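Worksheet: one structure, shown below.
Every number in this text was worked out from the coordinates using simple rules, so none of it is lab data. Keep in mind the model is a prediction, meaning the values are calculated, not measured. All Cβ positions, even for glycine, are placed from backbone atoms using ideal geometry, and neighbour counts span all protein chains on display.
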Amino acid sequence: MSFKPIQVLGVPVDSNSSYMTGSALAPQHIREAFFCDSANLSTETGFDLGDERLWHDLGDINLHQLDNQQAFDTILATAKKQVAEHKHILSIGGDHSVSFPLISAYAEAFPGLNILHFDAHPDLYDNMQDNPFSHASPFARLMETGQVKRLVQVGIRTLNNHQKQQAQRFGVEQHTMRDLSGVDGLKFDGPVYLSIDLDALDPAYAPGVSHHEPGGLSTRFLLDVIHTFKGQLIGADIVELNPHRDINSMTAMVAAKLAKEVIGRMLLDQSINP
Ligand SMILES: [Mn+2]
């Protein structure tokens, strides 16, 4: 069969980080790891990503000298165009603030959108540091639109009272690290968007992130969920790699591995449900 190539989009933003910058440099580091000679371009599910018909690198969005609002408008417009033309985007961030405009494009195009979100943090703050578009708030902004059917969060281990209230307010399903039961059987009706904050992983697996939160997921666990959840994956982002904090590019390599398997999963779902 012929595939709609997955569009890989770099989103170099770290101006909405509450603690540390650096993730704007991530897209280039992930690309280098993706093509690193230490690995090959095969997915575990059998796709050879050396085949240029399967995916296409759009490069980084040019956000030079734009303020926050202009940058978000540009990300939203770019994502809308790609969704309309190609449907499937894998965005490589950037801090997690970019998920608001990226997922907004999907929520408008796909009524009944589900979000599967991996993170140490719920990112549901109503307002953090007087920046409503902070990387701590994208899922509050998305749920306020009323356009997202279901938000499922996995790997949470920083839940405070405010975010607990926000989760209840928006009906968010949270699988915390203390209780991951049910994650291995996750099932969605309709389209699924996947948002991966690399700090969902334990810092032992992914030290190159701004917020080290011990007690997280293993890389293998995350890969297994990407391979096995029930539903149709149509778009994804991988965010919060901070190259300043990385050690021997090992977190960039984790991000690249996840990118390969996410592309493979989107291709596989296309073959089942074109
Ligand atoms: Mn996080």
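Quick look at the numbers
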| quantity | calculated |
| --- | --- |
| Neighbour count of at most 15 Cβ within 10 Å plus DSSP loop: longest chymotrypsin sites (Phe, Trp or Tyr not before Pro)-free window in the chain | 36-274 |
| Residues Gln28 and His227, FRET efficiency given R0 of 35 Å [Cβ-Cβ distance, rounded to 0.05] | 0.80 |
| Selection from Pro111, Leu66, Pro12 lying farthest towards where the dipole of the chain points positive, charges on Cβ | Pro111 |
| Extension gain, Ile247 back to Thr176 (0.36 nm per residue minus Cα-Cα distance, nm) | 22.9 nm |
| Stretchable slack from Gln165 to Thr74, in nm (0.36 nm times residue separation minus alpha-carbon distance) | 29.6 nm |
| Helix runs (DSSP H) in the chain reaching 24 Å along axis by Cα, Kyte-Doolittle at least 0.0 | 250-272 |
| Trypsin sites (Lys or Arg not before Pro) lying in DSSP loop within the range 177-274, provided at most 16 other Cβ fall within 10 Å | Arg178 |
| Counted charge near Pro111, where neighbours are those whose Cβ lies closer than 13 Å (Asp, Glu -1; Lys, Arg +1) | 0 |
| Overall Cα dimensions of the chain - principal axes, largest extent first, Å | 48, 39, 38 |
| Positive minus negative residues near Pro214 (Lys, Arg vs Asp, Glu; Cβ under 9 Å) | -1 |
| Partners for Lys87 among lysines (Cα-Cα distance below 16 Å; same-chain residues under 8 apart left out) | Lys4 |
| Ranked Val13, Val183, Val254, criterion: other C-beta atoms within 10 Å, fewest first | Val183, Val254, Val13 |
| Positive-pole candidate from Asn161, Ser91, Asn242, dipole of the chain, charges at beta carbon | Asn161 |
| Whole-angstrom gap from the range 118-140 to the range 30-96, using each part's C-alpha centre | 23 |
| At R0 = 22 Å, FRET efficiency that the Cβ-Cβ distance of Ser42 and Glu85 yields, to 0.05 | 0.20 |
| Under 15 Å, Cβ to Cβ, from Tyr125 - net charge with Lys/Arg +1 and Asp/Glu -1 | -4 |
